[in-house]
1. Within the group 3, 67, 14, which residue is at pLDDT 75 or above and surrounded by fewer than 16 Cβ atoms within 10 Å (Cβ to Cβ)?
2. Could you pull out the residue among 551, 555 that is farther than 20 Å from residue 665 by Cβ, at pLDDT 90 or above and surrounded by fewer than 21 Cβ atoms within 10 Å (Cβ to Cβ)?
3. Kindly provide the set of residues from the range 265-297 that are surrounded by 11 or more Cβ atoms within 10 Å (Cβ to Cβ), at pLDDT below 55 and more than 22 Å from residue 57 (Cα to Cα), ordered by number.
4. If we only count strands (runs of 3 or more DSSP E) wholly inside the range 451-509, which ones have 2 or more residues that are in contact with a strand residue (DSSP E or B) (Cβ under 9 Å, 6 or more places away or on another chain) and buried (at least 23 other Cβ atoms within 10 Å of the Cβ)?
5. Can you list the helices (runs of 4 or more DSSP H) lying wholly within the range 175-255 that have 1 or more residues being closer than 29 Å to residue 65 by Cα and either in contact with a helix residue (DSSP H, G or I) (Cβ under 9 Å, 6 or more places away or on another chain) or at pLDDT 85 or above (or both)?
6. Conditions first: (1) at pLDDT below 90; (2) part of a helix (DSSP H, G or I). Residue 513 passes all but one, so which condition is the exception?
7. Of these, 243, 199, which one is free of Cβ contacts under 8 Å to residues at least 40 places away in the same chain and surrounded by fewer than 16 Cβ atoms within 10 Å (Cβ to Cβ)?
């Protein structure tokens with residue numbers, strides 16, 4: 001069977017299998033998708049309705065809180081008969097009234113039980129409340145049970161309006177309740193803008209913890225509850241007349257209330273007036289069957305309002321399985337079109353070129369190497385065709401002059417290897433010569449023996465030549481010893497050492513008084529004038545000792561290097577200055593410090609470059625470090641210098657292990 005036939009068969013079978021799987025999957029998950037979508041939609045709608053109500057009421061809550069905290073109004077409440085205080089308070093309340101949504105505010109004074117209603121007239125409407133009058137009980141219950149503010153739906157007989165009232169407690173300076181103040185939102189606003197403005201299939205109820213309806217689409221129920229006594233008010237359980245719904249709703253209300261109480265108890269709930277509860281409220285959803293139709297109920301709790309938002313979603317009216325049918329049909333048509341398109345493209349772009357390639361390969365296998373295929377594209381097939389043509393040409397070429405090409409390539413390789421060996425030989429000779437030149441500037445052992453009673457010397461460049469060197473000069477009055485770490489390794493570092501050594505010779509020969517601090521300043525000046533690098537920054541670290549041959553006193557100055565002194569079993573580190581020599585940042589005006597040690601008897605001195613302190617090793621490849629270096633001196637400082645040198649080399653070798661040397665290394669130790 002040809003590849004094209006197999007491909008068409010596979011595409012057809014896959015189309016049928018994918019189509020059948022799609023139908024099965026569609027009917028399997030549609031119900032769950034609809035149910036899940038309905039629950040999420042109902043929960044989202046509950047949050048939206050709650051936020052819309054909070055946005056409407058929160059402003060009035062904040063306004064009532066500010067009215068309750070107003071000093072001018074509180075002063076009048078405490079002295080109700082003070083005419084001057086009353087006039088000032090009226091003006092202040094008038095300002096708050098104008099800011100209220102319904103342009104009305106009220107104030108009830110606890111001491112006189114006088115109820116003032118401000119509607120914008122020249123004087124407020126005043127009435128005296130009595131505890132025995134049912135319509136007045138709201139005030140006495142608020143004074144008794146409310147700490148900050150409370151909301152209730154009620155019809156005010158004085159203004160003849162049904163509102164959601166914000167009853168806010170006013171306190172005196174001692175914290176005693178002295179009045180109830182606030183404003184309200186007309187219930188028709190809530191009914192029209194929030195409850196009544198819903199999509200088909202969505203019903204919204206605002207209820208309290210007992211299920212009493214505070215707002216719903218049925219205006220008659222809302223108005224009835226606003227005027228009726230508690231025992232006569234209509235609840236959502238009565239309206240729905242479904243026992244299972246009532247049980248689930250009570251359980252949801254109880255759970256939300258318990259969660260709110262737990263949050264308050266643990267201190268995790270802190271809701272300020274005007275703050276959104278979006279992030280803090282939970283929404284509980286549950287399925288319900290009402291009047292034979294599948295519906296979803298979502299319940300959310302508005303904590304600081306004390307109300308519950310109940311959204312009932314008719315699933316069949318919001319979304320149904322039939323709405324997915326166009327998607328399924330479109331998917332089948334798209335799959336069919338895609339399958340046909342893939343088949344045509346695969347035949348044109350892949351199968352047909354592969355057939356031509358197969359025929360050409362058979363020609364090459366038969367020994368006809370002159371065949372070539374046209375390269376019509378630049379994609380993978382085009383590159384494959386080009387590679388085939390190159391392969392066929394190469395085979396044809398190799399079969400005709402393979403031996404000549406082998407001989408030619410062999411000759412070329414031999415010539416290249418000869419030139420490479422010659423070049424390597426010249427490089428090695430240059431490096432060996434550079435090593436000899438560098439060694440010529442280093443002091444020999446005879447000079448060390450004539451200057452010190454004992455000494456040790458470790459000088460290990462990373463390559464054949466390096467950037468570290470040691471310097472020793474003997475003058476009529478002094479011994480000059482230096483350890484220098486120049487920038488770079490190999491040949492570049494060696495050139496730096498030659499420059500630095502020449503500069504030190506010049507300074508020693510031209511200075512009448514050999515002061516190490518002055519010598520470093522002069523060396524810094526000479527190196528900066530000599531180097532003058534533009535693209536790189538280079539310089540050196542140095543530790544410089546000047547020993548007076550007559551007094552046996554030692555003066556030391558350092559630039560980046562320290563002098564270590566071993567005396568009586570202890571190691572002292574005499575640190576050099578942090579400014580190094582010759583770098584761009586090195587100031588020529590910098591004054592280096594000199595350290596003088598008068599009594600050298602019983603002391604051993606050591607100067608090392610950072611190549612030893614940075615030597616990698618140990619289990620993690622960390623540097624050898626100053627602390628470990630001082631401990632090595634402390635353990636071996638009492639021994640002869642040559643034994644110390646062996647011990648130091650052994651310790652460094654054992655610490656380094658399998659790690660490679662990172663930098664040039666120089667260490668000098670001496671005793672007078």
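The values are calculated or read from the model by the stated rules, or taken from the named source; none is laboratory data. These figures come from a predicted structure and were not determined experimentally. Here the Cβ positions follow ideal geometry from the backbone for every residue, glycine too, while neighbour counts run over all protein chains shown.
1. 14
2. Values: 551 fails: at pLDDT 90 or above.
Of 551, 555, the one residue that is farther than 20 Å from residue 665 by Cβ, at pLDDT 90 or above and surrounded by fewer than 21 Cβ atoms within 10 Å (Cβ to Cβ) is 555.
3. Result: no residue meets the conditions.
4. In the range 451-509, 468-474, 478-486 are the strands (runs of 3 or more DSSP E) which contain 2 or more residues that are in contact with a strand residue (DSSP E or B) (Cβ under 9 Å, 6 or more places away or on another chain) and buried (at least 23 other Cβ atoms within 10 Å of the Cβ).
5. 187-190, 219-227
6. Failed condition: (2).
7. 243
Conditions tested, residue by residue: (1) under 28 Å from residue 613 (Cβ atoms); (2) modelled with pLDDT under 85; (3) under 57 Å from the mean Cα position of the chain (by Cα); (4) assigned by TED's automatic domain parsing to the domain that holds residue 644.
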site: 427; (1), (2), (3), (4): no, yes, yes, no
site: 431; (1), (2), (3), (4): yes, yes, yes, no
site: 454; (1), (2), (3), (4): yes, no, no, yes
site: 470; (1), (2), (3), (4): yes, no, yes, yes
